[in-house]
Amino acid sequence: MKEFMVSMALLFTFIYSMFLDMDIDSHELHRKHLKGVAEEVAASAAQYFSLSSYGDGFYNFNQNEGEKAANYTLQSSMRLTKENVPLQGAYWQDKTKVALTYIDYDTYSLYLAADATSTEPFPNRYTFSHFGETHTVMLYGPSVISSINAGVPNYALKLLKNEASDVVEHGIHTFKE
């Protein structure tokens, strides 16, 4: 009987560790995918620019068209509805939120006014804050920064679900002049 009890305890421990490993591997895979989506969202938003300012030698983003392209890329890459709610069977459970920051010659002049030590827009450091996280990056040209908050991951184990927090990934696309 003792061997049976020990065998059952080892079996349950093995099954639990298998589920734990499966959850962690799945989360890592989906987080890497989310990072790629964040970079694609930034790149798609950066493709739209103002033709009139470009003719004057400045690269300024068309934010309205960029937001449309970013939302389309996000929805098609992550299996979301038009309201950014995951479809049935998707890994992420919560409504996905996206934040875009455009740094071009127009918007950077506002940042330069607040930072008197800078005289040139690029290259320079830029500090941004999305979803409660603050990051400082070095920008070498007009850029779009995207942040995606995908919400809480869909773990199989209740222990991990109770401890989970929102997953946020950032992507930056810089226009090469």
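Calculate how steeply helix 2-46 sits against the longest principal axis of the alpha-carbon atoms of the chain, using the helix alpha-carbon long axis, and give the answer as 0 to 90 degrees to the nearest 10.
Around 10 degrees separate the two axes.
Multiplying the sequence separation of Met18 and Lys161 by 0.36 nm and subtracting their Cα-Cα distance, what value in nm do you get?
Result: 49.9 nm gained on full extension.
What nm value, rounded to one decimal, do you get for the distance between Ser7 and Thr136 when each label is placed 7 Å out toward the C-beta?
6.2 nm
With every protein chain kept in place and ligands, DNA and RNA left out, what is the accessible area per residue of the chain? Probe 1.4 Å, answer in Å².
Result: 61 Å² per residue.
With Cβ to Cβ distances under 12 Å as the rule, what net charge do the other residues near Lys82 carry (K, R +1; D, E -1)?
Summing Lys/Arg as +1 and Asp/Glu as -1 gives +1.
For region 119-176, what is Rg from Cα atoms divided by 2.2 N^0.38 Å, rounded to two decimals?
1.56
HN-Hα J couplings of region 73-82 from phi, Karplus 6.51/-1.76/1.60, θ = phi - 60°, integer Hz, Gly and Pro as x?
4, 4, 5, 6, 7, 10, 6, 10, 7, 5
What do you get for Rg/Rh of region 1-160 when both radii come from the Cα atoms and Rh is the Kirkwood radius?
That ratio is 1.19, to two decimals.
Taking the Cα centre of the chain as origin, work out the dipole magnitude from +1 charges on Lys and Arg Cβ and -1 charges on Asp and Glu Cβ, in debye rounded to 20.
Roughly 520 debye, rounded to the nearest 20.
Given a Förster distance of 22 Å, report the FRET efficiency between Gln93 and Asp25 from their Cβ-Cβ distance, rounded to the nearest 0.05.
0.75
Using 0.36 nm times the number of residues separating Lys176 and Phe58, minus their current alpha carbon distance, what extension gain do you get?
Separation in residues times 0.36 nm, less the Cα-Cα distance, equals 41.3 nm.
Can you list residues from other chains, or at least 5 along the same chain, whose modelled amide H is less than 5 Å from the amide H of Asn60?
It is Ser50, Tyr54, by chain and number.
Treating the angle as unsigned and between 0 and 90°, give the value, to the nearest 10°, between the Cα long axis of helix 105-114 and the longest Cα principal axis of the chain.
Rounded to the nearest ten degrees, it is 90.
From the phi angles alone, apply the Karplus equation (6.51, -1.76, 1.60; θ = phi - 60°) to region 165-173 and give each ³J(HN,Hα) in whole Hz, x where the residue is Gly or Pro.
So the J values, rounded to whole Hz, are 10, 4, 9, 10, 10, 10, x, 10, 10.
Please get the size of the charge dipole for region 39-111, origin at its Cα centre, with Cβ charges of +1 on Lys and Arg and -1 on Asp and Glu, quoted in debye to the nearest 20.
360 debye
Report the FRET efficiency, 1/(1 + (r/R0)^6), for His33 and Glu67, where r is their Cβ-Cβ distance and R0 is 30 Å, rounded to 0.05.
Plugging the Cβ-Cβ distance into 1/(1 + (r/R0)^6) gives 0.85.
Report Rg (one decimal) and Dmax (nearest whole number) for region 9-99, counting Cα atoms only, units Å.
Gyration radius and largest Cα-Cα distance of region 9-99: 19.5, 73 Å.
The values are calculated or read from the model by the stated rules, or taken from the named source; none is laboratory data. Nothing here was measured: the structure is a model prediction, and the numbers come from that model. Positions of Cβ are backbone-derived with ideal geometry, glycine not excepted, and every protein chain shown enters the neighbour counts. Accessible surface is based on the protein model in full, side chains and every heavy atom, while ligands, DNA and RNA are left aside. Shrake-Rupley method; radii C 1.70, N 1.55, O 1.52, S 1.80 Å.
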